[in-house]
Amino acid sequence: MLKDVAAAVLVCVILSPATANADRLRVSDPNDVPGRLDIRSVAHGHGPRQGLVTHSVRVARGFPSRLLKWNGAFELFFSGRPGGCISTHILIDSTNDGTRARMRFVDPLGCGRFDDSGGSSQYQPIEAIVTRPNARTMKIKLQRKLLPGRGDYGWYAETWFRKRDTRCERECVDQAPNDGGPRGRIAHEL
Ligand SMILES: [Ca+2]
């Protein structure tokens, strides 16, 4: 009985418009960067179990995961509170063994001062499930506790892409959302 009540409460919380907006959110991004990994939208939500959060990034065109071996990557930046200083960075790329996610701690010198010499940690593999819901999307599911802070947190996404003899010969970088400084721009309210 108690279990049923808990489930009913949970459903009500999920269906509440205010919570739904914050808890599951998709933010569009314009066609503003050349190359294969121009971001079109980013989204966050929850996994099937409590404590799991999801983040996905959708780009303009379909791409094979092997593109992320040498020619590009997806990156997610997190702050322990919305609008706070970025302190954690997840890098998603590919190897011969498949797609992987690694994490490092950044910005040890203070808000917005990305200085690797200041002691940012090395990339470490994390327990996360990286999937391709469709040809244009990269999705990661991981434990909330792996991210900074304890409650609501901030984040934004970035891609980079490069290919010889194209406009992205050096590198094309897209961030979403575009607005704001180097801080957690989207609030994931839990
Ligand atoms: Ca874009």
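Just so it is clear, none of the values below were taken in a lab; they were calculated from the coordinates. Please read these numbers as outputs of a predicted model, since none were measured by experiment. Cβ: placed from backbone, ideal geometry, glycine included. Neighbour counts: every protein chain shown.
Side notes on the structure shown:
- Inter-probe distance in nm under a simple model that places probes 7 Å from Cα toward Cβ, at ARG167 and LYS145: 4.6 nm
- Across the options ALA128, CYS172, LEU146, the greatest Cα extent toward the positive end of the charge dipole of the stretch 25-188 (unit charges at beta carbon of Lys, Arg, Asp, Glu) belongs to ALA128.
- Other-chain or far-sequence residues with amide H under 5 Å of ALA101's (modelled H): ILE126
- Note that the stretch 44-49 has calculated 3J(HN,Hα) couplings of 10, x, 10, x, x, 10 Hz, one per residue in order, obtained from phi through the Karplus relation 6.51 cos²θ - 1.76 cosθ + 1.60 (θ = phi - 60°); glycine and proline are x.
- By average C-beta atoms within 10 angstrom, highest first, the peptides 51-63, 159-171: 51-63, 159-171
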